[in-house]
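In what follows, a single structure is set out as structure tokens and then discussed.
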Amino acid sequence: MSQEKPAGAGLPTLSKSTIWMINFGFLGVQTAFTLQSSQMSRIFQTIGADPNNLGWFFILPPLMGLVVQPIVGYYSDRTWAPKLGGRRLPYLLLGMIVAVIVMLLLPNSGSFGFGYGSLAALWFGAITVAFLDLSSNVAMQPFKMMVGDMVNDDQKSYAYGIQSFLSNTGAVLAAIFPFLFTWFGVKNIAPKGVVPDSVKVAFYVGAALLVITSLFTVFRVHEYDPATYAKYHGITEEDNKEGGNWFTLLKTAPKAFWTVTLVQFFCWFAFQYLWTYSAGAIAKNVWDTTNATSAGYQAAGNWYGVLAAVQSIAAVVWSYVLAKVPNKYHKLGYAGSLLLGAFGFVSVFFIHDQWTLIISYILVGIAWAGMNTYPLTIVTNALSGKHMGTYLGLFNGSICLPQIVASLLSFALFPLFGHSQVNMFILGGIVLALGALSVGTIKETYAE
């Protein structure tokens, strides 16, 4: 199959301030995502959910992303609404509005008199989580697409590096909000079945941040009209109006799409186990307990929150470093970041000191930065500009499917690895190292 002319060959060089504004709303979107993922378990247990059933809620985000993002890409390719911002920004506005409403409702799941552990409270929580994830996916996808639409090949690594920087900054903010507000005197306890005010305020502030950062992007970014977009990408205006059958597009996707998807599979498979087993592994190695009701286990859970923030901070710093790496060294930066992360995973198995684990999670954060910087850079460089949004939506499957597969396989792999959460980090490290090796299969394409 011949390689199409890469997108961005005729795109102008943008100012750094414009690239920052294209990505700025990503900070608010990631804050919403992280508040959801980090506080969802706490909210559901507070309103009376059985802890053994929480795993079913955590499979919802990748399922939502798998379905929603290709749809957003497909329709935004065919959208032009200048009064609402252009082709991608209308979807950002829609997702933002719904996400804000749901962020105000979710932490109040136990405040409407449904009763502790009642089906009404749990269903209310489940529905609001579903809508929050759906709307966050709708709001997030335009940022990825606008970089592909507007940024040339030479600047794309920088642009996605900034996106990774803002994403991880939002994650750090979301992680510390409940602790920060508690420190300022907001109550961290509440009547049985009611979510504490510290969590509610965190969601309210996160919603405000989502609005403010998204509006910066909406008002400061001017998307290319269809004629200009076609000119810069070397296509016709009719190209994105043609039927874009998903299976046909996947069959004709450039090789880079599939080779990066292979790398993505190993990466996101490994990280699903990081999120699933970190608290238990830390409890066993550092506090020598597997009893989830013990004080040691809860201390381990709190410490994992600190380590998650360390991971995000490390990713913020490293993503800025990666943004400076020249195109010809992308694969080295990508593979090197993943390999360091693999060492971080494996080191968790051997470390029994809580402070030394900071080093482990710094290495994990380096891998996380690489995962959020390089894949979209390489894939969008290989695309022609036709069906850009649809392709990026389909590419999101390389993130969602590995998480779903990892969750399903865990029912067999966890017993195979001795029912030990610590042992699962060895598996995660091996899988992430395979991801580093598979970077060698990628053939990058650039404009001359």
Taking the condition of being part of a loop (DSSP other than H, G, I, E, B) and small (Gly, Ala, Ser), how many residues in the stretch 364-413 meet it?
2
Looking only at residues that are touching a residue at least 60 places away in the same chain (Cβ under 8 Å) and assigned to a loop (DSSP other than H, G, I, E, B) in the stretch 414-425, which one is most open to solvent (accessible area, probe 1.4 Å)?
GLN421
Go through (1) part of a loop (DSSP other than H, G, I, E, B); (2) at pLDDT 90 or above one by one and return the number of the condition VAL263 breaks.
(1)
Subset of the stretch 64-81 that is in contact (Cβ under 8 Å) with a residue 12 or more places away in the chain and among the aliphatic types (A, V, I, L, M) - its residue that is most open to solvent (accessible area, probe 1.4 Å)
ILE71
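Yes/no matrix, rows are residues, columns are (1) of a type in the set (A, V, I, L, M); (2) open to solvent by less than 10 Å² (accessible area, probe 1.4 Å); (3) farther than 26 Å from PHE165 by Cα; (4) modelled with pLDDT under 80:
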{"site": "GLY333", "(1), (2), (3), (4)": "no, no, no, no"}
{"site": "LEU338", "(1), (2), (3), (4)": "yes, yes, no, no"}
{"site": "ALA342", "(1), (2), (3), (4)": "yes, yes, no, no"}
{"site": "VAL348", "(1), (2), (3), (4)": "yes, yes, no, no"}
{"site": "HIS352", "(1), (2), (3), (4)": "no, no, yes, no"}
{"site": "GLY365", "(1), (2), (3), (4)": "no, yes, no, no"}
{"site": "LYS386", "(1), (2), (3), (4)": "no, no, yes, yes"}
Does any residue of the stretch 401-419 turn out to be under 23 Å from the mean Cα position of the chain (by Cα), of a type in the set (Gly, Ala, Ser) and at pLDDT 90 or above?
no
Search the stretch 82-104 for residues being touching a residue at least 12 places away in the same chain (Cβ under 8 Å), more than 15 Å from SER214 (Cβ to Cβ) and surrounded by fewer than 18 Cβ atoms within 10 Å (Cβ to Cβ), and hand back the single one that is nearest to the chain's Cα centre (by Cα).
LEU104
Could you please find all residues in the stretch 348-363 being in a helix (DSSP H, G or I), touching a residue at least 60 places away in the same chain (Cβ under 8 Å) and not β-branched (Val, Ile, Thr)?
PHE349, LEU357
Going through PRO51, PRO61 one at a time, which residue ends up being within 14 Å of the chain's Cα centre (by Cα) and modelled with pLDDT under 70?
PRO61
Could you identify the single residue in VAL29, VAL72, VAL98 that is over 30 Å from LEU250 (Cα atoms), modelled with pLDDT of 70 or more and either touching a strand residue (DSSP E or B) at 6+ places or on another chain (Cβ under 8 Å) or of a type outside the set (Ser, Thr, Tyr) (or both)?
VAL98
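Working only within the stretch 318-338, note down all residues that are outside any helix (DSSP H, G or I) and within 19 Å of the chain's Cα centre (by Cα).
If the condition is that a residue be outside any helix (DSSP H, G or I) and within 19 Å of the chain's Cα centre (by Cα), then ALA323 is the only one that fits.
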Before we move on, is TYR277 open to solvent by less than 50 Å² (accessible area, probe 1.4 Å), out of contact with any Leu (no Cβ under 7 Å at 6 or more places or on another chain), more than 28 Å from ASN423 (Cβ to Cβ) and among the hydroxyl-bearing types (Ser, Thr, Tyr)?
no
Somewhere in the stretch 120-133, is a residue of a type outside the set (A, V, I, L, M), open to solvent by 40 Å² or more (accessible area, probe 1.4 Å), free of Cβ contacts under 8 Å to residues at least 24 places away in the same chain and in a helix (DSSP H, G or I)?
yes
Taking ASP154 and the conditions (1) buried (at least 19 other Cβ atoms within 10 Å of the Cβ); (2) under 18 Å from TRP20 (Cα atoms); (3) at pLDDT below 85, which numbered condition does it fall short on, given that it satisfies the others?
(1)
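The values are calculated or read from the model by the stated rules, or taken from the named source; none is laboratory data. This structure is a prediction, so every number in the text was calculated from the model and none was measured. Neighbour counts are summed over all protein chains in view; Cβ atoms, including those assigned to glycine, are modelled from backbone coordinates with ideal geometry. Heavy atoms of the whole protein, side chains included, go into the accessibility calculation; ligands, DNA and RNA do not. Shrake-Rupley method; radii C 1.70, N 1.55, O 1.52, S 1.80 Å.
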